[in-house]
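Report on the following structure.
The values are calculated or read from the model by the stated rules, or taken from the named source; none is laboratory data. Every value quoted in this text rests on a predicted model; they were computed, and no experiment measured them. Cβ placement follows ideal geometry from the backbone for every residue including glycine, while neighbour counts extend to all protein chains displayed.
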Amino acid sequence: MKLLQKIAWRTRRWNLKINFFDLFLHDGDGCWGFTLLEVVHNFETRSLLALEFRLPNGANIKQFTIDNWDILFIRKSLYNHYSELDDRQLYLGESSLTGWEKCKLYYLKKIL
């Protein structure tokens, strides 16, 4: 029993979940889609391939909506880059970004 307690104590801060395949067919949120090799580490989700969307139902969802997507685990890094550029534009002004950075920010807004 002491060995199990030591294992439980040493792993108490670990937060890792791995799903190989999830299929959503109108789940509780009305989402359709799938995730392939999803890794959740410290409540941050990354996937090899993921797509979750909602179809219009005439009530609260008026148009086709993509809720989540990820390809080759890049969505989180793209979001971090977008967040950094957006914060810099917000706090330092429009002139703090170069033309290339403005272009990247524009397209990252469209993607994310």
When the range 23-35 is checked residue by residue, the ones that are in a strand (DSSP E or B) and more than 13 Å from N68 (Cα to Cα) are L23, L25
Within the range 26-49, the count of residues that are more than 20 Å from L16 (Cα to Cα) and not charged (D, E, K, R) comes to 6
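Residues K102, K76: which one is touching a strand residue (DSSP E or B) at 6+ places or on another chain (Cβ under 6 Å), part of a helix (DSSP H, G or I) and of a type outside the set (F, W, Y)?
Going through K102, K76 in turn, the sole match is K76.
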Checking N19, N57 in turn, the sole residue that is of a type in the set (S, T, N, Q), more than 24 Å from Y107 (Cβ to Cβ) and assigned to a loop (DSSP other than H, G, I, E, B) turns out to be N57
When restricted to H81, H26, H41, the only residue assigned by TED's automatic domain parsing to the domain that holds T11 and in contact (Cβ under 8 Å) with a residue 12 or more places away in the chain is H41
Residue hits (the range 59-78; touching a helix residue (DSSP H, G or I) at 6+ places or on another chain (Cβ under 7 Å) and assigned by TED's automatic domain parsing to the domain that holds V39) are W69
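Going by what's in this entry, would R10 be described as among the basic types (K, R) and exposed (fewer than 10 other Cβ atoms within 10 Å of the Cβ)?
Working: among the basic types (K, R): yes; exposed (fewer than 10 other Cβ atoms within 10 Å of the Cβ): yes.
In short, yes.
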